[in-house]
């Protein structure tokens, strides 16, 4: 640690994200720098970073990444929340076709999922939400089942590109499960990689500038790229019936 290290590292997290396991590792590894864990409304996940109210934040993608780093961490399965005696309770997983004819409750506002869940309990219907939020607001009179044909949401760790805190690399190491030694090595390697990439980019730009000045042709654009990921399976596939 250096004299410029912050008194605390401020970590934001949106509803449904559990940070306790990372906080425990941080406390063991950096006992002199506490974590301030700050609950952040889903609707404000970008604002808290842009306004400097947190140093880093666990966010749900998509997010406007202008001026931000974002490391995708894991996917959240979408689930259907229904009353306990609903027929889909007989299965381990279902599709949207199994909810045909149901009154679908609006769950687009993830900050209000608790109210939506209460509405399902009171008047019926179904709500589609990330599984972590279904667990967070679980009730005994409700059940939820994974949906096979609804895209999952993705949780990422985000922080500003400019004015990033000194301990950002260390916290990334904790989240990614690195040991204390490998975290320091990887952090240094990442920093060197960014510096080397910048130097290579400047060298290429200068070389291209000289080539155009000498009447040389511009290099042809490189073709190809990453293949688009395919879908894991077709919607409405076979379901597993729950054992009795």
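We did not get these values from a lab; they are worked out from the coordinates using the rules stated. All figures in this text were calculated on a predicted structure; none of them were measured in a lab. Because the Cβ atoms are built from the backbone with ideal geometry, glycine has one as well, and the counts that use them run over all protein chains shown.
Can you order the peptides 102-114, 121-133 by their average number of other Cβ atoms within 10 Å per residue, highest first? Present the calculation step by step, with values, prior to reporting the outcome.
Working: 102-114: 15.2, 121-133: 19.3.
The most tightly packed comes first, giving 121-133, 102-114.
Which of the three applies to region 78-146, rounded, prolate or oblate, going by the alpha-carbon gyration tensor with a ≥ b ≥ c and a/c under 1.5 meaning rounded? Provide the component values of the computation, followed by the final result.
Values: a/c = 1.37, a/b = 1.35, b/c = 1.02.
Verdict is rounded for region 78-146.
Need the full-extension length gain, residue 28 to residue 166, defined as separation in residues times 0.36 nm minus the C-alpha distance. One decimal, nm. Provide the component values of the computation, followed by the final result.
Values: separation 138, 0.36 × 138 = 49.68 nm, distance 1.85 nm.
So the extension gain works out to 47.8 nm.
Could you tell me whether region 1-81 comes out rounded, prolate or oblate from its Cα gyration tensor? Rule is a ≥ b ≥ c as square roots of the eigenvalues, rounded for a/c under 1.5, then prolate if a/b exceeds b/c, otherwise oblate.
Details: a/c = 2.24, a/b = 1.45, b/c = 1.55.
Oblate, because a/c is 1.5 or more while a/b does not exceed b/c.
Subtracting the Cα-Cα distance from 0.36 nm times the residue separation, let me have the gained length for residue 102 to residue 43 in nm, one decimal. Walk me through the intermediate numbers first.
Numbers: separation 59, 0.36 × 59 = 21.24 nm, distance 2.78 nm.
Contour length minus Cα-Cα distance gives 18.5 nm.
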